[in-house]
Amino acid sequence: MREIPSAYDPKATEEKWYKFWESGKYFHAQPDPGRKPYTIVIPPPNVTGILHMGHALNNTVQDILIRWRKMQGWNAEWLPGTDHAGIATQNVVEKKLAKEGIKRQDLGRDEFIRRVWKWREEYGSTIISQMKRLGCSCDWDRTRFTMDEGLSNAVNEVFIRLYEKGLIYRGNYIINWCPRCQTALSDEEAQHKDLNGSLYYIKYPVKGRNRHITVATTRPETMLGDVAVAVNPSDPRFKDLVGETLILPLAGREIKVIADSFVDMEFGTGAVKVTPAHDPNDFDMGKRHNLEPIVVMQPDGTMSRNTGDFAGMDRFEAREAILEDLKEMKLLEKVDAHAHSVGHCYRCHTVVEPYLSEQWFVRMKPLAKAGIEAAKSGRIKFHPDRWTKVYLDWMENIRDWCISRQIWWGHRIPVYYCIKCRKASEGKKGIIVSRVKPAKCPDCGGTDIVQDEDVLDTWFSSWLWPFSTFGWPEKTKDLSYFYPTSTLATAQEIIFFWVARMIMSGYEFMGDAPFKDIYIHGTVRDETGAKMSKSLGNSIDPVEIIDEYGTDALRFSLISITAGGQDVFLSKEKFELGRNFANKIWNASRFVLMNIEGGADQDIDLASADLSLADKWILSRLNRAVDSVTGSLEEFRFNEAANTAYEFFWHEFCDWYVELVKPEMTKDEFKGTQRKKIVQAILTHCIDNALKVLHPFMPFVTEEIWQNLPHEGGSIMASSWPKCDKGLFDDGAEQEMSLAIGIISVIRNIRAEFNIQPQKLCKASIAAGSGKSRDAITKSAEYIKGLARLESLDISDKLVRPKASSVAVFGDCEICVPLEGLVDLESEKRKMMLKIGELSKYTGSIEAKLRNKNFTDRAPREVVDNEKSKLAEANISLGKLKENLKRLET
RNA sequence: GGGCGAUUGGCUCAGUUGGUUAGAGCGCCACAUUCACAUUGUGGAGGUCAAAGGUUCGAAUCCUUUAUCGCCCACCA
């Protein structure tokens, strides 16, 4: 027999099997009308990404689903790919260029984009190779990139269709502007953080009168762009001032006091400075009162030319300078501490500026309708369900989506402008929305045509992912077969960014939801609860864990501690759980392999074979485990599934069955017997089924062992998922084994208590309280002798108690272990009394329950009957205990 | 300001529609290394399930309130 190492070595197996699967095309799926598809599209990681624990969890979940469904016979397709991640990638490449002292403007747009593509070629597959180390069974033949030609066509197509439908428009609005990235952001991309800021009270003198109005603001630097001061029309404090002229300090401009019911009289002073170019509410107010916005900031966050002495200063520098000046002029009344929430760029965490600029938007309300209906009707289902509400709240209050970005890396907006027409008129004229650059203007025939400089939000390509990746807008076979996909697995953070938008685009362009089930898993956090991220430096690198503990350990640990979409709190030690389990699987399998003599006898039919109690028991437990794991997976209860498999394998199969059959496997007297063949068949059957059930969680170790077992087919991943055979459920065997296990534990307990060395055999006698128990004990006598290390076991109806012995009661059985010279009468009594106390408390509580007429009348009969039988059982034990105590006393 | 989640043995967490004497992993204590596995085995200690009310025959589980922590959403300057 080949030597098998006594510890599982992940390094020796992982690469080997991954290559085997990949080259064997095990991950690939083709449309097959005869089979049902099970499709998952991956949440495409950023092409700049490196694998973090969030990815590890996310991809493990998907891989479990894919491998499981594939084994169940579905035509499983997991489509992978990466996202071009506009801002993030541009940032990375710009940083790299900066090291060479180059700015992107030095290169020009075309050259810069060429460099980004080059960067992508060099580094863009890092995350993909890391996902391979994770064991992901992605169909790499279908790998997509959001900037691929096909996907780019889809983006253009969608833009044009929505534009023609009137759902895309261009306009001047307040958007979130990141002065560092120098681009517009969508509302979702501005992350609000609560900051401890200040509320500044500034006096604005009233022209021609010896008084002033005090306004309160958190951003004094924007005052240079004020065009009015607004008060509530019903505010008596300011009634006489509405319509008056104020002198805007520092600027010296004259502005009016206006009345607008937006103003909250309770807040601040009740008077608000109106800065339409730098605040969304002020923008609306400005519109209502026909006030021209004044832009006082430049795209890089410095003050613009029209701010006098402050021109060129950074916005925060300008804030300080302005406050200094106001103080000097005695116009700064006071400063209050003020906690408020401030938007930050989700990519670079710079404070974003509400900023007036011309951008492209998607009108979302009409698109949201079908998606809302889908969640309400159950066409799409969130797991856990609580996310439905979060999703619906957002969808029902959806706002238009700012999709233009002032960067270079991305899908350029398919809009062209005829310079001549644009000059001639304002508005829509001269805008040509087209798949390709038009040769001439359809209106004036002019050839001076330029494309819009902006690119589209990255999410404008990812929201099409479930169908663009299968060839849309072409009507491909892939698309009609694999769409709609089955399950989406993702994190809570991108429900709005991505999930909701995919649902909307799915309905709009495919007429159906892109997936049925949405599994939202938790966020991976460190021990202190902080989200794991590279920038915080608190992340545990999955690749490091793989190197140290193995992929299977990483996967199993991660899954078993992820309950019901709760956040996962990680520390390195938690991976020991998976490592130890992988090793346990390895060694138990090693035992089986060493004892099946090259293969179980194929002629053994377990259904008709003469099975022992242990055999029946383990087959029953195995089938229950299979049933339970399958059920848990169907409900997306991954941790439950993993833990059930763990519990069965380790604490039933290894701890009991393997131990019970060891004599039959190793003793010469069983050599060549039918009995031995049966046990070999059962061991093989159990290992085979357990490996299959564990395979989605731990693909490598299960494949490695499975290949060494007698098997059909090329890979465990192409084998079929165990089917629960309910005919093998055996309540009788389970009860009998529980009794045997209980008795063994009791004897082991006594042995431990009296410090009897394992190698020393002892005697025991058991008095069975009933014929049923007696039969069970007789059947399991060899088990008890073996695992409780007994030289002899007497079974009787009545206990014959040798003088010096320890007696314990389990159920209706009395177990007596003679221990000459070791037993102390007093401590035996104490032990007995303690047990009697515990049991009496227990029986007392049941008796009280049964005495309660309300309970016996109202509770279901089975519950009452169950209580009665529990009481009867406990009373039998109690009786035996009391008898024994009495005996001790005489 | 609204919403969501969490609060269970020393630590980290399970606990499906209310019905077991509340479980696991780690840690701890004792014992064990010719035995597939010390990445192990055997035995053990340890919890009135955050608090207070309520519903119910019966509550860790459902309802209300409170406290603490965390997250998300929101245009009050």
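Across the range A:509-545, the qualifying residues are those that are surrounded by fewer than 20 Cβ atoms within 10 Å (Cβ to Cβ), in contact with a strand residue (DSSP E or B) (Cβ under 8 Å, 6 or more places away or on another chain) and not in a loop (DSSP other than H, G, I, E, B), and the one among them that is modelled with the lowest pLDDT is A:Lys531.
A quick yes/no check of all residues on (1) open to solvent by 20 Å² or more (accessible area, probe 1.4 Å); (2) in contact with a Ser or Thr (Cβ under 9 Å, 6 or more places away or on another chain); (3) not hydroxyl-bearing (Ser, Thr, Tyr):
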site: A:Asn587; (1), (2), (3): yes, yes, yes
site: A:Leu613; (1), (2), (3): no, yes, yes
site: A:Ala625; (1), (2), (3): no, yes, yes
site: A:Ala642; (1), (2), (3): no, yes, yes
site: A:Glu652; (1), (2), (3): yes, no, yes
site: A:Glu664; (1), (2), (3): yes, yes, yes
site: A:Gly672; (1), (2), (3): yes, no, yes
site: A:Val679; (1), (2), (3): no, yes, yes
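Residues in the range A:690-715 that are more than 26 Å from the chain's Cα centre (by Cα) and either in a helix (DSSP H, G or I) or under 15 Å from A:Asn583 (Cα atoms) (or both): A:Glu704, A:Ile705, A:Trp706, A:Gln707, A:Asn708. Of the numbered criteria (1) surrounded by fewer than 22 Cβ atoms within 10 Å (Cβ to Cβ); (2) within 24 Å of A:Phe556 (Cα to Cα), the one A:Ile604 fails is (2). The residues in the range A:120-151 that are within 23 Å of A:Asp457 (Cβ to Cβ) and crowded, with 19+ Cβ neighbours inside 10 Å can be counted, and the count is 8. All conditions in (1) under 24 Å from A:Lys327 (Cα atoms); (2) within 12 Å of RNA strand B (Cβ to nearest atom); (3) buried (at least 21 other Cβ atoms within 10 Å of the Cβ) hold for A:Pro249, with the sole exception of (2).
Kindly establish whether A:Trp656 is open to solvent by 20 Å² or more (accessible area, probe 1.4 Å), at pLDDT 95 or above and more than 30 Å from A:Gln566 (Cα to Cα). Criteria met by A:Trp656.
Consider the range A:192-210 and keep the residues that are farther than 28 Å from A:Arg305 by Cβ and at pLDDT 90 or above. The one that is nearest to the chain's Cα centre (by Cα) is A:Leu199.
A count restricted to the range A:629-676 and to residues that are within 25 Å of the chain's Cα centre (by Cα) and more than 9 Å from RNA strand B (Cβ to nearest atom) stands at 10. Counting only residues that are touching a strand residue (DSSP E or B) at 6+ places or on another chain (Cβ under 7 Å), in a helix (DSSP H, G or I) and open to solvent by 20 Å² or more (accessible area, probe 1.4 Å), the range A:465-508 holds 2 of them. Screening A:Glu292 with (1) open to solvent by less than 70 Å² (accessible area, probe 1.4 Å); (2) away from RNA strand B (no atom under 13 Å from the Cβ) gives one miss only, at (1).
Restricting attention to the range A:331-371, the residues being open to solvent by 40 Å² or more (accessible area, probe 1.4 Å) and either closer than 30 Å to A:Lys95 by Cβ or touching a residue at least 24 places away in the same chain (Cβ under 8 Å) (or both) number 15. Consider A:Lys760 carefully, then state whether it is surrounded by fewer than 16 Cβ atoms within 10 Å (Cβ to Cβ), within 13 Å of RNA strand B (Cβ to nearest atom) and of a type in the set (Lys, Arg). Yes, satisfied.
Residues that are open to solvent by 60 Å² or more (accessible area, probe 1.4 Å) and closer than 21 Å to A:Arg315 by Cα occur in the range A:196-219; there is at least one. Condition first: within 12 Å of RNA strand B (Cβ to nearest atom) and either out of contact with any Asp or Glu (no Cβ under 7 Å at 6 or more places or on another chain) or open to solvent by 20 Å² or more (accessible area, probe 1.4 Å) (or both). Now tell me which residues in the range A:223-246 satisfy that. Scanning the range A:223-246 gives A:Met223, A:Asp226, A:Val229, A:Val231, A:Asn232, A:Asp235, A:Arg237, A:Phe238. Residue by residue through the range A:788-803, note down the ones that are part of a loop (DSSP other than H, G, I, E, B) and under 56 Å from the mean Cα position of the chain (by Cα). A:Ala788, A:Arg789 - these are the residues of the range A:788-803 that are part of a loop (DSSP other than H, G, I, E, B) and under 56 Å from the mean Cα position of the chain (by Cα). If you go through the range A:435-462 and pick out every residue that is open to solvent by less than 20 Å² (accessible area, probe 1.4 Å) and small (Gly, Ala, Ser), you end up with 3. Can you name the residue in the range A:561-595 that is touching a helix residue (DSSP H, G or I) at 6+ places or on another chain (Cβ under 8 Å) and of a type in the set (Lys, Arg) and, of all such residues, is farthest from RNA strand B (Cβ to nearest atom)? For the range A:561-595, the residue satisfying everything is A:Lys572. Checking each residue in the range A:4-55 for being among the hydrophobic types (A, V, I, L, M, F, W, C), open to solvent by less than 20 Å² (accessible area, probe 1.4 Å), modelled with pLDDT under 95 and away from RNA strand B (no atom under 15 Å from the Cβ) picks out A:Val47, A:Leu51.
Taken together, A:Tyr173, A:Tyr201 contain a single residue that is closer than 28 Å to A:Trp360 by Cα and not acidic (Asp, Glu), which is A:Tyr173.
The number of residues in the range A:708-758 being within 17 Å of A:Leu787 (Cα to Cα) and among the basic types (Lys, Arg) comes to 2. If the condition is being closer than 19 Å to A:Met504 by Cα and aromatic (Phe, Trp, Tyr), then the range A:372-421 contributes A:Phe382, A:Trp387, A:Tyr391, A:Trp394, A:Trp401.
The criterion of being modelled with pLDDT of 90 or more, on the phi < 0 side of the Ramachandran plot, surrounded by 18 or more Cβ atoms within 10 Å (Cβ to Cβ) and not in a loop (DSSP other than H, G, I, E, B) holds for A:Tyr783.
Scanning the range A:265-279 for residues that are surrounded by fewer than 15 Cβ atoms within 10 Å (Cβ to Cβ) and either modelled with pLDDT of 90 or more or under 18 Å from A:Arg219 (Cα atoms) (or both) yields one hit, A:Phe267. Of all residue pairs spaced 6 or more apart or on separate chains, those with beta-carbon atoms under 9 Å, a first member in the range A:841-856 that is within 14 Å of A:Leu878 (Cα to Cα) and among the hydroxyl-bearing types (Ser, Thr, Tyr) and a second member that is more than 7 Å from RNA strand B (Cβ to nearest atom) and open to solvent by 50 Å² or more (accessible area, probe 1.4 Å) are A:Thr843/A:Asn875.
The values are calculated or read from the model by the stated rules, or taken from the named source; none is laboratory data. Because the structure is predicted, anything quoted here is derived from the model rather than measured. When we count neighbours, we look across all protein chains shown, and the Cβ atoms used for this are built from the backbone with ideal geometry, even at glycine. Heavy atoms of the whole protein, side chains included, go into the accessibility calculation; ligands, DNA and RNA do not. Shrake-Rupley method; radii C 1.70, N 1.55, O 1.52, S 1.80 Å.
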